[in-house]
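The structure under discussion appears below in the form of structure tokens.
The values are calculated or read from the model by the stated rules, or taken from the named source; none is laboratory data. These figures come from a predicted structure and were not determined experimentally. Cβ coordinates were reconstructed from backbone atoms using ideal geometry, including for glycine residues, and neighbour counts include every protein chain displayed. Just the protein is used for accessible areas: all its heavy atoms, side chains included, with ligands, DNA and RNA removed. Shrake-Rupley method; radii C 1.70, N 1.55, O 1.52, S 1.80 Å.
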Amino acid sequence: LATGLVSQTIAQEKPSGALILVDQQGTVQFLDGQGAPVKNDSIGVGKILPVDHTAVTGQGGKIIFLLSNGTLVTLTENTKMKVRTFKQQPFDPAGKKIKDLTGEPSQSKVEIDLDMGSLVVKTKKLNRLSSFDIHSPNGTAGIRGTEFQLQSNPGADMQLDVTESTVAFTPPGGG
């Protein structure tokens with residue numbers, strides 16, 4: 001299902017990427033760019049979360065997104081994540097499945113705001129001109145093709161666990 005949706009999205013030849021909702025469990029909510037709740041039927045499994053929209057999980061909630069660059073993002077319970085930017089150069093999927101790719105299919109720029117909670121991210125090897133940044137109140141994580149988990153609790157602590165490759169972390173204000 002997800003592979004077909006990615007192919008359909010890319011076939012539209014727009015320079016924007018797509019966050020496709022693959023699964024949701026428990027308490028979840030979606031907010032539009034102004035922070036207003038979105039109707040449950042407009043964003044659901046198999047549909048795309050638009051840029052500037054926010055996904056929120058409550059107690060026992062979980063959301064899994066597949067990005068058209070091959071990245072898998074899982075929001076665990078009590079997480080709030082906003083899609084700031086997702087641009088991706090068009091590409092021809094040529095019948096390939098996401099699971100068969102070793103690297104992303106085309107150059108992309110992804111920026112996510114993690115207001116609170118935890119994300120588990122597994123990316124394909126990024127193109128050298130691509131960027132994938134996760135902004136949180138505790139700093140910014142720059143991803144270069146890896147598997148990691150980032151947990152941020154405003155005013156408290158932050159935890160970054162890297163399984164593979166490299167993640168650069170910059171605290172607020174640089175340094």
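Laid out as a table, the results:
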| quantity | calculated |
| --- | --- |
| Residue satisfying all of: in segment 118-133; closer than 21 Å to Phe91 by Cα and hydrophobic (A, V, I, L, M, F, W, C); surrounded by the fewest Cβ atoms within 10 Å (Cβ to Cβ) among these | Leu129 |
| Entirely in segment 45-117, the strands (runs of 3 or more DSSP E) that have 1 or more residues that are touching a Pro at 6+ places or on another chain (Cβ under 9 Å), basic (Lys, Arg) and open to solvent by 60 Å² or more (accessible area, probe 1.4 Å) | 80-88 |
| Those residues of segment 55-70 which are within 18 Å of Gln151 (Cα to Cα) and either touching a residue at least 40 places away in the same chain (Cβ under 8 Å) or small (Gly, Ala, Ser) (or both), in sequence order | Ala55, Thr57, Gly58, Gly60, Gly61, Ile63, Ile64, Phe65 |
